[in-house]
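Quick note: the coordinates plus some simple rules give every number you see, no bench work behind them. Every value quoted in this text rests on a predicted model; they were computed, and no experiment measured them. Cβ placement follows ideal geometry from the backbone for every residue including glycine, while neighbour counts extend to all protein chains displayed.
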Amino acid sequence: MDVSEALAGRRSCRSYSPDPVDPAALDRVLAACRRAPSAGNTWALDLVVLDRRPDVDRYWDTTLPSGPRRDAFTWPGLLRAPVIVLPVIDPAAYVRRYAEPDKERSGLGAAEDAWPVPYWWVDAGAAVMAMLLAATAEGLGSLLFGVFGHEGDVAAELGIPGDRRIVGAVALGWPDGDGRPSASARRGRPEPRDFIRRNGW
């Protein structure tokens, strides 16, 4: 499968078979992140990979504990995903990198708030997209979803250092055939002519 086929085939999968993912295939998906850009070649991304059922369950028990909310959850098949990957970034690493002699003239080595665009988020997003495309190429379903208000609890549960930020969560696994789109999918996507502005706005 080439890149254009992976792009055309990529869909957000919200319902999974509990069947395990082949470890070699998972390793290829995770390694795809290495091909993403990294400002200053800082490379401050870690992947916390939950690929054992008890550890995946720890994630859901932390973010969606048993009870009425879980019972009413719209996408119960998401909880069956055999792998959850948490991309974790280190913003301070970017500050340190841009304080080094070859980057210090940028002024970005002063503090995190010196960055008009916090590139740790940009780089992490690119790494996640590489992972999603690699998953599609392997025939796997994938979904990027938010951790949101549970970030601190998830970090504490999994021992993630307090100076790191969890970008989100990526579910990986085999689709179980429930291809129901989310309500957001009804919004559709714009045509290229609607957002491509050549040579100026």
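A compact table of results
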| quantity | calculated |
| --- | --- |
| Extension gain (nm, one decimal) between Arg28 and Asp61, 0.36 nm per residue minus Cα-Cα | 9.1 nm |
| Which of Val167, Val147, Val29, Val3 has the fewest Cβ neighbours within 10 Å, and the rest in rising order | Val3, Val147, Val167, Val29 |
| Coarse-grained scattering of the chain at q = 0.09, 0.11, 0.12 Å⁻¹, given as base-10 log I(q)/I(0) from a Debye sum over alpha-carbon atoms | -0.40, -0.60, -0.71 |
| Radius 15 Å from Cβ of Ala126, net charge of other residues (Lys, Arg +1; Asp, Glu -1) | +2 |
| The chain - mean residue ellipticity at 222 nm from DSSP helices (-39,500 (n - 2.57) per run, n ≥ 4, rounded to 500) | -9500 deg cm²/dmol |
| Orientation-averaged projected area, Cα convex hull of the range 149-191 (nm²) | 5.7 |
